[in-house]
Amino acid sequence: MGSKKKKKPKFYVVWEGHEPGIYESWEDCKAQVTNFRGAKYKSFPTREEAEDAYFSGPKEFMSKGRPKKSLEKPNPEPASIAVDAASSGNPGIMEYRGVWADNGDELFRMGPFEEGTANVGEFLALVHGLAFLHKHNMEQTSIYSDSKIAIGWVQRKKCNTKLKRSRKNEKLFELISRAEKWLKTHEFQNRIIKWPTKVWGEIPADFGRK
């Protein structure tokens with residue numbers, strides 16, 4: 001008997017779903033679009049095509065027929081903000097900040113905190129950014145993060161960190177609790193967008209410690 005032909009891999013783009021992004025299996029993609037009203041997603045034969053489609057947006061790819069591929073990449077949305085965190089060690093000394101995405105001017109910075117992690121910092125940075133925009137009545141301003149994990153935590157309104165609580169990071173856990181409470185008691189319209197590092201380079205809020 002002849003051997004079965006190996007299936008060619010597919011890459012699934014989710015533009016609008018529980019957690020937008022690029023997925024390598026239908027199961028992962030399905031989890032993001034199931035029970036999500038107005039979900040937009042499509043499969044592509046290569047990662048390169050999937051990345052191009054993801055950053056170009058769904059409009060041209062959801063219509064019939066294949067459009068000509070655009071050679072230009074979109075820029076960050078005007079008047080948007082970007083957040084990032086840095087940790088020296090895991091856990092280690094951690095801090096986070098938010099900046100205007102177009103010019104890098106700093107809007108806020110918190111830390112350093114003892115015994116923190118980058119993921120916790122990214123989560124706190126996102127919530128701090130959302131609270132900042134809410135306070136200044138900037139409900140239509142988008143916020144960028146390069147952390148898929150932190151974006152997922154914010155969407156679920158829960159910081160699912162495995163970091164152990166200690167006397168040294170007590171203040172950090174207090175901030176986590178406040179951030180979770182803020183998410184559960186406030187509605188926000190701001191879009192949270194994954195920063196495409198491979199296309200645009202490091203996020204403007206990056207601490208430059210890599």
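Table: residues versus (1) surrounded by fewer than 14 Cβ atoms within 10 Å (Cβ to Cβ); (2) over 30 Å from Ala31 (Cβ atoms); (3) in contact with a strand residue (DSSP E or B) (Cβ under 6 Å, 6 or more places away or on another chain).
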site: Arg97; (1), (2), (3): no, yes, yes
site: Asn103; (1), (2), (3): yes, yes, no
site: Lys158; (1), (2), (3): no, no, no
site: Leu163; (1), (2), (3): no, no, no
site: Glu170; (1), (2), (3): yes, yes, no
site: Lys198; (1), (2), (3): yes, no, no
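Write out, first by first residue and then by second, each pair whose Cβ atoms fall under 9 Å of each other, whose residues are 6+ apart or on separate chains, and whose first residue, in segment 97-117, is at positive phi while the second is open to solvent by 60 Å² or more (accessible area, probe 1.4 Å).
Gly111/Ile93; Glu115/Pro91; Glu115/Ile93; Glu115/Lys164; Glu115/Lys168
Take the residues in segment 20-45 that are of a type in the set (Lys, Arg) and either touching a Leu at 6+ places or on another chain (Cβ under 9 Å) or assigned to a strand (DSSP E or B) (or both), then tell me which one is nearest to Ile192 (Cα to Cα).
Looking at residues that are of a type in the set (Lys, Arg) and either touching a Leu at 6+ places or on another chain (Cβ under 9 Å) or assigned to a strand (DSSP E or B) (or both), I get Lys40.
Given the conditions (1) out of contact with any Ser or Thr (no Cβ under 7 Å at 6 or more places or on another chain); (2) at pLDDT below 95; (3) among the polar types (S, T, N, Q), which single one is not true for Ser142?
Unmet condition: (1).
Which pairs have Cβ atoms under 8 Å, sit 6 or more apart or on different chains, and link a residue in segment 136-149 that is open to solvent by 50 Å² or more (accessible area, probe 1.4 Å) to one that is part of a loop (DSSP other than H, G, I, E, B) and of a type in the set (Asp, Glu)?
Lys148/Glu19
If a residue must be at pLDDT below 90 and either surrounded by fewer than 13 Cβ atoms within 10 Å (Cβ to Cβ) or assigned to a loop (DSSP other than H, G, I, E, B) (or both), how many such residues does segment 5-19 contain?
Summing the residues that are at pLDDT below 90 and either surrounded by fewer than 13 Cβ atoms within 10 Å (Cβ to Cβ) or assigned to a loop (DSSP other than H, G, I, E, B) (or both) in segment 5-19 gives 7.
Could you list, in sequence order, the residues of segment 79-95 that are touching a residue at least 24 places away in the same chain (Cβ under 8 Å), open to solvent by 40 Å² or more (accessible area, probe 1.4 Å) and touching a Gly at 6+ places or on another chain (Cβ under 8 Å)?
Scanning segment 79-95 gives a single hit, Pro91.
Please enumerate the residues belonging to segment 75-124 that are of a type in the set (Val, Ile, Thr), farther than 30 Å from Gly57 by Cβ and assigned to a strand (DSSP E or B).
Hit for segment 75-124 is Ile93, nothing else.
Residue check: is Glu202 touching a Gly at 6+ places or on another chain (Cβ under 8 Å) and surrounded by fewer than 17 Cβ atoms within 10 Å (Cβ to Cβ)?
So Glu202 passes the test.
The values are calculated or read from the model by the stated rules, or taken from the named source; none is laboratory data. Only a predicted model underlies this, so the values are computations on that prediction, with no experimental measurement involved. Virtual Cβ from ideal backbone geometry, glycine too; neighbours counted across all protein chains shown. Accessible surface areas use protein heavy atoms only, side chains included; no ligands, DNA or RNA. Shrake-Rupley method; radii C 1.70, N 1.55, O 1.52, S 1.80 Å.
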